[in-house]
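Enquirer: Please read through the structure below; I'll follow up with questions.
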Amino acid sequence: MEAIQPRPFYKKPVFILSLIIAAFFLRGVFLAVLFPIFQGPDEQTHYATVQYFAESKNKNWPIKKTTNNPPDGDNIFTYNYSEEIKKTAAATNFDNIKFQKNNTPFFSNNFDGPEENEIKNNQWKRYIDVYPPNTSGGSPSYYSLASVIEKIFSGQSVLFRFFSVRIFSVFLGSFVIFLLYLISKKIGFSEKNSLLITSIVAFQPMFSFMSSIVNPDILLFFCFTLFIFGAVSLLKDGITWKNTAILLFSIILGMLTKGPAIVLAVVAFFLFAYAIYRRLKISISLFFLYFLIFSLIALILVFNLAPTQYLSGITRSDSPSKFSSIAVSLGHYFNKTIGISPFSRTAGSYWGNFGWLDTKISGQIIDLIFIIEIVAVIGLLFYLFKKRKEADFLPEKKYLFLFIGLIIALQLAIRFYDWRVFDSSAKILIGTPGRYFMPNIAAHFILLAVGFGAILRKKEYFEMFLRLTLILMVVLQFYSIFSLIIPRYYL
Amino acid sequence: MNIKLEKNYRFIPIAIFFVFLVIIFYVFSRDLSFPESDYNFKTGGETKLYSGGQVTQVFSAQRNNLNQIKIALRNGESIGSGDEVLFQLADADCQEIIATNKITRFSIISRIAYKFNFKAMPDSQNKSYCLMVSYLAKNPAQKNVPEILISKDPQFEARSYTNTGKGGEFKGRTLVMRPAYGNDNFFQDLTELDKRISQYKPWFFKGFYLAAIFTLFLISSLVLVLILVLI
């Protein structure tokens, strides 16, 4: 009898997964270096908030209060940040680089920038002494966690501290990648396909970018992905303490990170209802009766127990409308936001619009991706509505309905909030940049993969498709780095 | 038809992968030149490249090895079929042509800026050169034409450009363009790039450490692709 040969180390899933995470982390760190300081969207505000959270509790310095004049977006000195942030930004040509792709930092002929010594050896104040501070309001979790890094390295220069916080973001991104692998495995993809799907997402250029800057969004991505892991575990294994704890933790952490996480609570409500229905084995009509009663109770509880400030914050119910009626307001909003051009902008910034959204991936590439996605959606619909399951290498439909539910819920939440702001200002102030939809990146990519799996129908064709997709995604990443990001800031 | 995907077929995606990588790195190394960085442009409109007209600007090179001019060209999609935008570098009197390049409707233009590459001029420092840009269109009456951004910032008071299609010289303004310089060899170019990226970074992101991070990122990505595609 022939002895079973052990697999060589490079074929072992643990090794390949470690390599995916290592490659993601190294690329994330490299991207963290490539973007000059404060050149992520609102990155100076996010870092100012981290610094604000790291300030000593008893603020024993003189604080000057000013009227709440809106700062001038072209002048960093009009913002109520710490002196250190304002002067570092000025020394690194921040105002002239932001949004202006014809400008770069000022370079010297050596490894230190012209003003670098001044930044490193500065005695500038690290606290905000003009109020109200122009920090990010609301949810504190990312800033609290990052402020620990700020405190630990308080003896180091602002460059050291700032880029350390960026590395913290890369760590969070790495966890997302790890969770995606667990999700893919859990819902029934083979070991190999799970690794391929994970690596495809790991090379998505905009996700890599968002994992490399100081921004709470990456913690939100983590919360959504953790939630999805908990949700698919619940769908597969039923209600357990572990699944429940994961779901609750991700919802709470998400809500403490950024507003859109509210959709997790809503989806969880339906998810638990479904799981309970499966366990109780009651008739569908009785289930709907119970569901209605519990939904009513839940709504009453939410409206009575949730802080009024929180509810009015997410619904902007206190802001007076600029329109004569809701219908008029919605009509104007849809006119401005529904159409090929706004969707194309959202798609462009989902796949790659880097820095201060001034460094875009080519429109032709976005168009090509759009066509690929349309094909995937057709395949997905075909898979969802065909009764007989032909491709046994694809996940069960219940998981896909969960992912679709999450995507719809996040779309509605973001567009609802965007409309509420529009309603009170008659302007699109928030918008729908693609990164707002990125918390669902795991769900999105799995659905696309399933769509193509349904079209290809054979496991080996599907694997070949995933391999090709991986290659194209890596190429897209390399193109982003060498044809866009490096030329934008350094050449 | 039942196609069996033998292991050998897996080399096809790998071949595609390396073809793409070679193109990306070829374009990157071809355009690797270091533009002047000691001034900012505050864009103040654009000047149109009228058919048959010419936009020219004389500039002085800061360094030796001038080998590129980075130009903020806009509305490139307006270039008609069979039309071309002609870029020429000439001596300070705009008489003797030193280098020429052209783009057509089908040229792939960087989304950042157009890079007019030419053979490096080893002793360019402090010498003046003339950039000339013309639009050669079949339809002279074409209104939607390519444009070059301009800047009217006071720091450029001493500069001027001419646009023969728009009526002559415009003083106190400049085309949004940056002369760029190479080094004696590719390794020196990479070293200069390493220096530029290292600036305003903490010590662990500078010089050798930066090069190490880049190398590890590159190797880990390539090894990962090879393993996942070939196994």
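Laboratory data are not the source of any read-out in this text; all were calculated from the coordinates shown. Since we're looking at a predicted model, the values are computed, not measured. Don't worry about glycine lacking a Cβ; one is built from the backbone with ideal geometry, like all the others, and counts go over all protein chains shown.
Enquirer: Give the shape of chain B as rounded, prolate or oblate, defined through the alpha-carbon gyration tensor: a ≥ b ≥ c are the square roots of its eigenvalues, a/c under 1.5 means rounded, and otherwise the shape is prolate if a/b is larger than b/c and oblate if not.
Expert: Oblate.
Enquirer: With the calculation restricted to Cα positions, what are the radius of gyration and Dmax of the stretch B:49-167 in angstrom?
Expert: For the stretch B:49-167, the Cα-based Rg and Dmax read 14.4, 42 Å.
Enquirer: Now for a different question. Positive end of the charge dipole of the stretch B:36-181 (Lys, Arg +1 and Asp, Glu -1 on Cβ, about the Cα centre): tell me which of B:V55, B:I109, B:V176 has its Cα farthest that way.
Expert: Most positive-ward Cα: B:I109.
Enquirer: Can you compute the helix-only [θ] at 222 nm over chain B? Use -39500 (n - 2.57) per DSSP H run of at least 4 residues, normalise by all residues, nearest 500 deg cm²/dmol.
Expert: -8500 deg cm²/dmol
Enquirer: How do A:T337, A:T240, A:T49, A:T66 line up, fewest other C-beta atoms within 10 Å first?
Expert: In increasing order of surrounding Cβ atoms, one gets A:T66, A:T240, A:T337, A:T49.
Enquirer: Please compute the modelled spin-label separation between A:E390 and A:Q5, points set 7 Å along Cα→Cβ, answer in nm with one decimal.
Expert: The two pseudo-label positions are separated by 3.6 nm.
Enquirer: OK, next. Which of A:V214, B:V229, A:V377 has the fewest other C-beta atoms within 10 Å, and how do the rest follow up to the most?
Expert: In increasing order of surrounding Cβ atoms, one gets A:V377, B:V229, A:V214.
Enquirer: Run the dipole for the stretch A:196-294 about the Cα centre, Lys and Arg Cβ at +1, Asp and Glu Cβ at -1, nothing else charged, and hand back the magnitude in debye, nearest 20.
Expert: 320 debye
Enquirer: In addition: If the cut-off is a Cα-Cα distance under 14 Å, which aspartates and glutamates reach A:K65, setting aside same-chain residues fewer than 8 apart in sequence?
Expert: Candidates past the 8-residue exclusion: A:D129.
Enquirer: Also, I was wondering about something else. Which one, A:G155, A:N109, A:V214, projects farthest toward the positive side of the charge dipole computed for the stretch A:88-215 from Cβ point charges (K/R +1, D/E -1)?
Expert: Comparing the listed Cα positions along the dipole, A:V214 ranks first.
Enquirer: Starting from the Cα gyration tensor of the stretch A:64-160, take the square roots of the eigenvalues, sort them a ≥ b ≥ c, and report rounded, prolate or oblate (rounded when a/c is under 1.5, otherwise prolate if a/b is larger than b/c, else oblate).
Expert: Details: a/c = 1.79, a/b = 1.23, b/c = 1.45.
Here the stretch A:64-160 falls in the oblate category.
Enquirer: Oh, and also: Anything in chain A that counts as a DSSP H helix reaching 18 Å or more along its axis (C-alpha) with Kyte-Doolittle mean of at least 1.0? List them, would you?
Expert: Working: long enough: A:13-34 (31 Å, 2.47); A:158-186 (42 Å, 1.63); A:217-237 (29 Å, 1.80); A:241-255 (21 Å, 1.41); A:262-280 (28 Å, 1.95); A:284-305 (30 Å, 2.65); A:363-385 (33 Å, 2.29); A:397-425 (42 Å, 0.80); A:441-456 (22 Å, 2.37); A:459-479 (30 Å, 1.04).
Helices meeting the criterion: A:13-34, A:158-186, A:217-237, A:241-255, A:262-280, A:284-305, A:363-385, A:441-456, A:459-479.
Enquirer: Now for a separate question. May I ask you to sort B:D153, B:D83, A:D74, A:D217 by Cβ crowding, counting other Cβ atoms within 10 Å and putting the fewest first?
Expert: Details: B:D153 16, B:D83 20, A:D74 12, A:D217 23.
The most exposed by this proxy come first: A:D74, B:D153, B:D83, A:D217.
Enquirer: Taking 8 Å as the Cα distance limit and 6 or more residues as the minimum spacing, I'd like the relative contact order of the stretch B:36-181 as a percentage.
Expert: Here the relative contact order equals 42 percent.
Enquirer: Per the Debye formula with a single identical scatterer at each Cα and no solvent contribution, what log10 I(q)/I(0) holds for the protein assembly as shown at q = 0.05, 0.06, 0.07, 0.08 Å⁻¹?
Expert: Debye output, listed in q order: -0.28, -0.41, -0.56, -0.73.
Enquirer: Still on this structure: Could you work out how far helix B:186-198 tilts from the main Cα principal axis of chain B, as a 0 to 90 degree angle to the nearest 10?
Expert: 90 degrees
Enquirer: Under 16 Å Cα-Cα from A:K192, which aspartates and glutamates qualify once same-chain neighbours fewer than 8 residues away are excluded?
Expert: A:D392, A:E460, A:E463
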